[in-house]
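Worksheet: the structure to be examined is printed underneath.
Rule-based calculations on the coordinates, nothing more; no lab input. Everything numeric in this text was worked out from a predicted model, so none of it was measured. Cβ placement follows ideal geometry from the backbone for every residue including glycine, while neighbour counts extend to all protein chains displayed.
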Number of protein chains: 2
Amino acid sequence: MRIGELAARSGVSVRALRYYEEQGLLEADRSGSGQRHYPESAADRVQLIQMLYAAGLSSRTIAELLPCVEAKVSTPESRARLTAERDRIDAQIAALTRTRDRLDAVILFSGSPASGCRWIAGQDAAAQANHTATR
Amino acid sequence: MRIGELAARSGVSVRALRYYEEQGLLEADRSGSGQRHYPESAADRVQLIQMLYAAGLSSRTIAELLPCVEAKVSTPESRARLTAERDRIDAQIAALTRTRDRLDAVILFSGSPASGCRWIAGQDAAAQANHTATR
DNA sequence: CTAAAACCTGACGTTGACGTCAGAGGCAAG
DNA sequence: CTTGCCTCTGACGTCAACGTCAGGTTTTAG
């Protein structure tokens, strides 16, 4: 498939796909006229790339680890990197969990009918119950 | 305390503290000569700011929600924002967890002695056991 | 009193993952 | 054939959270 279709399928921009290639994350066959052609498997690969970007990995790190993750093989060096990144992600999850719990506490407390949240007059309890029921 | 000490205590740079003030996240008393003076409580506030930055909130959003989080009060609007951010963080935690599990699978599989990871010759099982024992 | 250290404002520099635009070709339909 | 859409390369633009530097004032240690 060509780049536009891959972009549509994987939900990223055409520019992003070219950028991934530039960073050595995604290879493409070229037609005689220079157009990129991707196999079906490219969609999965793009998903994986996005996944790793979302976890805070840089292009360089992704380029280093992507083959390992796809093939499930690793050298001692790459295994060290993998472990380091996993630990970093673990720490990030822990931090995010604390942050979420903190926000939850604010939401629950300030949203509770008994909490005296009526610090701006004119709020009726119905709207508050609505928000509280969000969870 | 002055800005240098606050920076040292909270582990952020002086520049960052000035930036926070510029963004309306952190206020400071000024001495006659214009130097910033912070109360003890500023350290906690900075920690909270860092926490929210780390969760992916922008300066603008933090400025909006910081008073709510500190005082545990909220208007209906801010509660909606709080809920939205919490949900976003929840989703991010879920995505990170999936990513971590994927990395874990690679580490465990490629690190297992029986996995045939010896695809580069010359590795002894002892080093592998070391890495495996990391967790 | 003096020199070092800390602080001030203002302004330009950095980084990464793209967005966007320009100008030029390629490709199936009518 | 030509119209309209897709693609190409190359290059500059963006945005946020600071880093860094310049040039000057203030505070502190000796």
Qualifying residue in the stretch B:16-29 (condition: of a type in the set (Asp, Glu) and more than 14 Å from DNA strand C (Cβ to nearest atom)): no
Just to be sure I understand, how many residues within the stretch A:64-80 are buried (at least 18 other Cβ atoms within 10 Å of the Cβ) and not polar (S, T, N, Q)? 6
Take B:Arg60 and decide whether it is within 24 Å of A:Thr97 (Cα to Cα), more than 16 Å from DNA strand C (Cβ to nearest atom), away from every other protein chain (no Cβ under 14 Å) and in a helix (DSSP H, G or I). yes
Of the residues A:Leu82, A:Leu25, A:Leu96, A:Leu17, which single one is under 16 Å from B:Arg98 (Cα atoms) and either within 16 Å of DNA strand D (Cβ to nearest atom) or under 16 Å from the mean Cα position of the chain (by Cα) (or both)? A:Leu96
Pairs please, first residue from the stretch A:17-42 and more than 10 Å from A:Leu6 (Cβ to Cβ) and more than 14 Å from chain B (Cβ to nearest Cβ), second anywhere and part of a strand (DSSP E or B) and near DNA strand D (Cβ under 9 Å from one of its atoms), Cβ atoms under 9 Å, 6+ apart in sequence or on different chains. A:Arg18/A:Arg36; A:Glu21/A:Arg36; A:Asp29/A:Arg36; A:Asp29/A:His37; A:Arg30/A:Arg36; A:Arg30/A:His37; A:Ser31/A:His37
Answer from A:Ala84, A:Ala80 - the residue that is part of a helix (DSSP H, G or I) and more than 8 Å from chain B (Cβ to nearest Cβ): A:Ala84
When you scan the stretch B:52-90, how many residues do you find that are of a type in the set (Phe, Trp, Tyr) and in contact with a Lys or Arg (Cβ under 9 Å, 6 or more places away or on another chain)? 0
Taking the criterion of being more than 8 Å from chain B (Cβ to nearest Cβ) and basic (Lys, Arg), would at least one residue in the stretch A:92-110 satisfy it? no
